[in-house]
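One structure is given here, and the rest of the page talks about it.
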Amino acid sequence: MLFDEVVRAGTFSAAGERLGLTPSAVSRAITRLEDKVGVQLLRRSTRLLALTPEGEILLDGAPAVLAALAALEGELGELRHVVKGNLSVSIGTALAESLVLPALPRFMARHREVTLDLNVTDRRVSLLRERVDVAVRTGPLADASLVAKRIATGQRIICASSDYLDRFGRPAVPEDLRTHRCLCMSGHDELEIWPFLQNGQVTRVRVVPAMRSDSALALSRMAVAGLGIVRLADFVVGEAVANGTLIPLFDTVHHVEEFPIWAIFAPAERVPLRLRAFLDFLTEDVFGPRGTDPKR
């Protein structure tokens, strides 16, 4: 939407550069829009554009209007039994690189009339504001107003490389972890407290991180390089565990806490065919028979 792009860019010139238009063409388009709705949408100055109250109303309402148009397009396509149209997808980095991206060519080959807008990020996106059709995320849900389809279940594995264990020794009991080099996710204090089942009771050991990162993939690679012990999702370290690059630790006493993997999308009376096709792809091709169990 040109109006939305102008607001985000802040000037007609910047918006024109993004859209491949001249500043005067952008200005004329905004003027035509204001004439059509009968109100001023932007206050103009030599350096800056500012929204009027009426402009704020239009900007807030635009995502819902565009979503309705997209849904209408999808319904028309369904009448012809054709999966087509633009599909905006947001996926967390570790899930994308470990599981979704390797399988994605099959989806694209199967649905050649779908244009995919793929956003790989760990940032929690606003589906309506950013016009995202579906987000794939792990853990607890932040917005109860959205539809969440549980497509898989993950679990964490404690593991280290044989090189690390040769140099620093294998921890015999969970308490030994306090003196080992542990690699932990940053920004989540609970991920530095590792749970174990001992004598029928869940006990927790707070590890002292030798390294923190907001990237599970980075921590996995550092563990493979022999820098320390990790406790990461099976879809991140599963392949390395399966081929022996990483060695599982505390198999019998690690208290496995499963976590959900969700496909999250806005509620709609009729889910577009292209979105249903992508949900089927996730449940069947990505997580289906393989699931998230590295032993399968």
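The values are calculated or read from the model by the stated rules, or taken from the named source; none is laboratory data. Everything quoted here is computed from the prediction, not taken from an experiment. A quick note on method: Cβ atoms are made from the backbone with ideal geometry, for glycine too, and the neighbour counts reach across all protein chains shown. Accessible surface is based on the protein model in full, side chains and every heavy atom, while ligands, DNA and RNA are left aside. Shrake-Rupley method; radii C 1.70, N 1.55, O 1.52, S 1.80 Å.
From Arg170, Arg112, Arg129, grab the single residue that is open to solvent by 40 Å² or more (accessible area, probe 1.4 Å), closer than 30 Å to Val202 by Cα and of a type in the set (D, E, K, R). After applying the criteria, what remains is Arg170. Scan segment 240-255 for residues that are assigned to a helix (DSSP H, G or I) and surrounded by 19 or more Cβ atoms within 10 Å (Cβ to Cβ) and report the count. Count: 1. Taking the condition more than 35 Å from the chain's Cα centre (by Cα), free of Cβ contacts under 8 Å to residues at least 12 places away in the same chain and exposed (fewer than 14 other Cβ atoms within 10 Å of the Cβ), does Arg8 pass? No; evaluated as a whole, the condition is false for this residue.
Within segment 148-181, how many residues are hydrophobic (A, V, I, L, M, F, W, C) and farther than 21 Å from Glu258 by Cα?
5
In the set Glu258, Glu269, Glu190, Glu175, only one residue is within 30 Å of Thr115 (Cα to Cα) and exposed (fewer than 14 other Cβ atoms within 10 Å of the Cβ); that residue is Glu269.
Being part of a helix (DSSP H, G or I), of a type in the set (A, V, I, L, M) and free of Cβ contacts under 8 Å to residues at least 12 places away in the same chain is a property that Ala223 lacks. Flag not set for Ala277, criterion: among the small types (Gly, Ala, Ser), farther than 22 Å from Glu190 by Cα, modelled with pLDDT of 95 or more and surrounded by fewer than 20 Cβ atoms within 10 Å (Cβ to Cβ). Of the residues Val205, Val230, Val237, Val271, the single one that is assigned to a strand (DSSP E or B), under 22 Å from the mean Cα position of the chain (by Cα) and on the phi < 0 side of the Ramachandran plot is Val230. Taken over segment 174-202, the criterion of being assigned to a loop (DSSP other than H, G, I, E, B), modelled with pLDDT of 95 or more and of a type outside the set (Lys, Arg) is satisfied by His180 alone. The test for being of a type in the set (A, V, I, L, M), open to solvent by 50 Å² or more (accessible area, probe 1.4 Å) and in contact with a helix residue (DSSP H, G or I) (Cβ under 8 Å, 6 or more places away or on another chain) does not hold for Met222. Could you please let me know if Leu99 is assigned to a helix (DSSP H, G or I) and under 15 Å from the mean Cα position of the chain (by Cα)? The answer is yes for Leu99.
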